[in-house]
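Please read the structure below before turning to the comments.
The values are calculated or read from the model by the stated rules, or taken from the named source; none is laboratory data. Source: prediction; values computed, not measured. Note that we place each Cβ from the backbone using ideal geometry, even for glycine, and neighbour counts take in every protein chain shown.
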Amino acid sequence: MNMAEAFSKINEQRQKNGFFSIPELLELEAKGNLILDPFSTLISSSVEIGTDNKFYSGVIIETKNNGTIYIGNGNTFWPNSLIRAEYGKVQIGDSNQFGDGGVSIKANTKQSNIHIGDHGRYINGVQILGCSYLGSCSQVIGNITVQDCHLDEGESFMNSDPDVRGGVLKGYGLARNIRVKTGMVINGQGVFTQENMIKQSFFHPIK
């Protein structure tokens, strides 16, 4: 098999499984998106994608069984980012950071509805499931499974006053049916409970 035949076979397999072909991926760059390694990037052709997003190698964004994924503008998807909507819905706003350290977002039931706002950070092995609402400027940092949680929106993590920033989960373990208010954080060590929610200024004192 020569190179032209191999390239054609790769694109045939992608399209057979509902993914963009490599030329179609490169066409996303016409909207200002950057696909750094199209040979290792898989994106379903039904995914709606805005402008100025950056996709590193090893990113998989897949829809199946009428699941839907919408991606806004200016997001960064580091290696080992997986977003999968099987039956459910994933909606992503603008200027979010997914990884580094890996992130997995799965809407894998008909009831699943995952909403992610703008300017958030989701890094270091995060898994997001169920009906989760991650408001603008929220953060999830660590090897955390987030299921059916609500993180209130707030100001950016760069804001000098940590108690007005978006809600934060950090640490490791399972966070289920948790609501984190603006300016608050739960630092879980295996288990996350509402009673352990404290002000972010506890970790980042206002100078």
| task | Answer yes or no: is there a residue in segment 172-180 that is part of a loop (DSSP other than H, G, I, E, B), over 16 Å from the mean Cα position of the chain (by Cα) and either polar (S, T, N, Q) or surrounded by 17 or more Cβ atoms within 10 Å (Cβ to Cβ) (or both). | result | yes
| request: Output the qualifying pairs, or none if there are none: Cβ atoms under 9 angstrom, residues six or more apart or on different chains, first residue in segment 181-193 and aromatic (Phe, Trp, Tyr), second residue at pLDDT below 95. | output: none
| field | Where LEU82 falls short, out of the listed (1) assigned to a helix (DSSP H, G or I); (2) under 30 Å from ASP148 (Cβ atoms); (3) of a type outside the set (Phe, Trp, Tyr) | value | (1)
| said: Considering only residues that are among the charged types (D, E, K, R), under 21 Å from the mean Cα position of the chain (by Cα) and under 24 Å from GLY88 (Cβ atoms), which ones fall in segment 5-49? | reply: GLU48
| task | Give ILE105, ILE144, ILE116, ILE128 a once-over and let me know the one that is crowded, with 18+ Cβ neighbours inside 10 Å, farther than 22 Å from ASN73 by Cα and of a type in the set (Val, Ile, Thr). | result | ILE144
| message | When you check ILE206 against the structure, is it over 24 Å from TYR70 (Cα atoms) and touching a residue at least 40 places away in the same chain (Cβ under 8 Å), yes or no? | response | yes
